[in-house]
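The values are calculated or read from the model by the stated rules, or taken from the named source; none is laboratory data. In this text the structure is predicted, and so the values were computed from the model without any measurement. A quick note on method: Cβ atoms are made from the backbone with ideal geometry, for glycine too, and the neighbour counts reach across all protein chains shown. To get the accessible areas, we keep the full protein, side chains included, count just its heavy atoms, and leave off ligands, DNA and RNA. Shrake-Rupley method; radii C 1.70, N 1.55, O 1.52, S 1.80 Å.
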Amino acid sequence: LQAYERRFPTCPLIPMFVASDTVNEYKSEDEAIHVIERRCKLDIDAPRLLKKIAGVDYVYFVQKNSLNRRERTLHIEAYNETFSNRVIINEHCCYTVHPENEDWTCFEQSASLDIKSFFGFESTVEKIAMKQYTSNIKKGKEIIEYYLKQLEEEGITFVPRWTPPVACKLESSTSHTRRPVSPAINIPDSATKEGLNNKEILNTSSSPSEPTAGTPDDKLDADYIKRYLGDLTPMQESCLIRLRQWLQETHKGKIPKDEHILRFLRARDFNIDKAREILCQSLTWRKQHQVDYILDTWNPPQVLQDYYAGGWHHHDKDGRPLYVLRLGQMDTKGLVRALGEEALLRYVLSINEEGLRRCEENTKVFGRPISSWTCLVDLEGLNMRHLWRPGVKALLRIIEVVEANYPETLGRLLILRAPRVFPVLWTLVSPFIDDNTRKKFLIYAGNDYQGPGGLLDYIDKEIIPDFLGGECMCEVPEGGLVPKSLYRTAEELENEDIKLWTETIYQSASVFKGAPHEVLIQIVDASSVITWDFDVCKGDIVFNIFHSKRAPQPPKKDSLGAHSITSPGGNNVQLIDKVWQLGRDYSMVESPLICKEGESVQGSHVTRWPGFYILQWKFHSMPACAATNLPRVDDVLASLQVSSHKCKVMYYTEVIGSEDFRGSMTSLESSHSGFSQLSAATTSSSQSHSSSMISR
């Protein structure tokens, strides 16, 4: 407490903390309670323009400190006084004595931010507040330790504990006796706090001591920790024991190993409540999808074995299993189209399960705990086709599942030969990756990995793969384009028995003569960009885009009675009413595009007006020869291929803002075709532009 009080009236370690004035103070007669309220002046690190618009140079906060010497607690509450009608900031900090070792001080901090309005700069203010708060959290422990050291230099190494006045001693004779240590059996249910949460354990005693054991199981064997878990502080050991005991008492089913529990604790900085929550969710997920048995019961499809350019390759210098991924040589679109998201995800899960198994083996081989692996990603060959939007979305979902269920398994990620397009992919992917994981990334452009601080610092020369200039033959598949003959329809993918996800990127539609398939897209903001990616699986079709100011009638599924054809699993929706007239009720905004069977089409359209846009896939009838009424031989053969006048397409559409599209317009490129080009009129509401590229 004496160290904390030295932060006032100002603190040189916090440059933004300019000054503070005491506005209210209260002390109880026995001096057990001390409440002090201060008005703090802060110089926020914000753009000068924003300060000028807001009309302030400084902001003021009110901070209330409530010290209870009897209970040995300090509660700190703070709220903003400046702009309190526009922005509401509340912060709460608490210093308490650790229940198992009273020489330890526990620190807990939480905050909430609610921005109602701020001159149109709401997003900027939020970023500034988050940046400032994160900076304060990181410096909090540093500041308190700075003043503790200052006290020690002044000869103050011990502060007598508060005792009640003589008159009160008889009534509370045990109020200052040493607290008995509670056995660490159950995790207390603490209220969930909104906003950011940070916990730090500060050891304020001159010589740290081990927690006193409350039960025989409250301590782990030192040799066991050193051999299988690694260095653990007494607090971390206590957290592991408490969480494991809670699982044994409350969780039905298989209890994970200590190494696995420890990963979740580390992922949440040993906050037991948070670690317990994500661990329980993961255990439920594993049981639901039988992940524990994936290595024994699931065989990867041959397509993955041939075209997934990744595999395990020895170990790094720290003994971690090494996984090599030649992402630049991989056809992401082909894999998604041939396998579906579910199979691709399951394969990634099997890789992670194999990684856990290899970590256990290496722990036994090297005689020290190895709980994570190293991943080497070679980006040679990475180009715009890897930024294909549905493929990126599938990648983001895989990252989300892996982050939630395999925390702290990536020890290091070495990204080699990063091309100029890599920053675009990194911008899309990095927000979904945990901050702690991102710190483990090492990125090398060109041949930088061959120089100082490169690959040789982490991997022995003898096992550097041959494709990176090493002498070790690497058995990782070389990847390559997945043949289109292996592509499958949405219905085939949906019928797979792997159901880890409930939705698919592509939709399937049937197109009949006289019964086109239509998709409605409502546009609110002009200059939005409609994007599409579809394959013509069967027959020839005509692709159209229409615009209407009024909404069509609710979609109706075509009964196909006129055709006497059923369409099992096929989707056929018609939106344009038969009484509508082209030019009066709706207009064509792009020229019709004839697409042949087997073609892949990607394109985009920058909308000129708000309203309702209709994407239409229409049956294409072969024209007769101009010189005679007799059909050509090619036309007859083509018509025979379209049995019952039925076509089939698989499509994906998305609407994005023009400002967002400019930065990722190449994401629509097919693995075979050139990518869509967007004109300079992208951000102009007075022009319209469309582009479609066809791959054969």
Checklist outcome for this item: Note on VAL181: of the conditions (1) outside any strand (DSSP E or B); (2) at pLDDT 70 or above; (3) surrounded by 16 or more Cβ atoms within 10 Å (Cβ to Cβ), unmet is (2)
Checklist entry - Would you say ARG438 is open to solvent by 60 Å² or more (accessible area, probe 1.4 Å), in contact with a helix residue (DSSP H, G or I) (Cβ under 8 Å, 6 or more places away or on another chain), free of Cβ contacts under 8 Å to residues at least 12 places away in the same chain and not polar (S, T, N, Q)? => result yes
Item to check | Which listed residue is farther than 19 Å from GLU478 by Cβ and not assigned by the TED database to the domain that holds VAL402, from THR297, THR284 | outcome: THR284
Checklist entry - So, in the stretch 537-561, of the ones that are among the aliphatic types (A, V, I, L, M) and at pLDDT 80 or above, which residue ends up most open to solvent (accessible area, probe 1.4 Å)? => result ALA551
Checklist entry - Restricting the search to the stretch 84-112, which residues are open to solvent by 20 Å² or more (accessible area, probe 1.4 Å), over 23 Å from LEU74 (Cα atoms) and not in a loop (DSSP other than H, G, I, E, B)? => result ILE88
Item to check | Residues that are of a type outside the set (A, V, I, L, M), touching a Ser or Thr at 6+ places or on another chain (Cβ under 9 Å), assigned to a strand (DSSP E or B) and farther than 20 Å from LYS618 by Cα, drawn from the stretch 517-557 | outcome: SER528
Checklist outcome for this item: Taking first residues from the stretch 160-171 that are under 15 Å from ARG69 (Cα atoms) and second residues anywhere that are part of a loop (DSSP other than H, G, I, E, B) and modelled with pLDDT under 85, the pairs with Cβ under 7 Å that are 6 or more apart or on different chains are ARG161/HIS176; THR163/HIS176; PRO164/SER172; PRO164/SER175
Checklist entry - Restricting attention to the stretch 340-347, does a residue exist that is under 30 Å from TYR652 (Cβ atoms), of a type in the set (Lys, Arg) and not in a helix (DSSP H, G or I)? => result no
Next on the checklist: Restricting to the stretch 441-489, and then to whatever is under 15 Å from TRP312 (Cα atoms) and of a type in the set (Val, Ile, Thr), can you tell me which residue is surrounded by the most Cβ atoms within 10 Å (Cβ to Cβ)?
Outcome noted: ILE459
Checklist entry - What are the residues in the stretch 265-292 that are touching a Leu at 6+ places or on another chain (Cβ under 7 Å) and either open to solvent by 10 Å² or more (accessible area, probe 1.4 Å) or within 18 Å of ASP231 (Cβ to Cβ) (or both), if any? => result LEU265, ILE272, ARG276, HIS289
Checklist entry - Could you say which residue among VAL97, VAL59 is under 20 Å from LYS41 (Cα atoms), among the hydrophobic types (A, V, I, L, M, F, W, C) and in contact (Cβ under 8 Å) with a residue 24 or more places away in the chain? => result VAL59
Checklist entry - Hey, LEU410 hits all of (1) closer than 21 Å to GLY311 by Cβ; (2) surrounded by fewer than 17 Cβ atoms within 10 Å (Cβ to Cβ); (3) among the hydrophobic types (A, V, I, L, M, F, W, C); (4) within 16 Å of the chain's Cα centre (by Cα) but one; which does it fall short on? => result (2)
Item to check | Every pair of residues 6+ apart whose Cβ atoms lie under 8 Å, when the first sits in the stretch 265-280 and is in the same structural domain as ASP231 (by the TED database) while the second is aromatic (Phe, Trp, Tyr) and open to solvent by 40 Å² or more (accessible area, probe 1.4 Å) | outcome: ARG276/TRP246
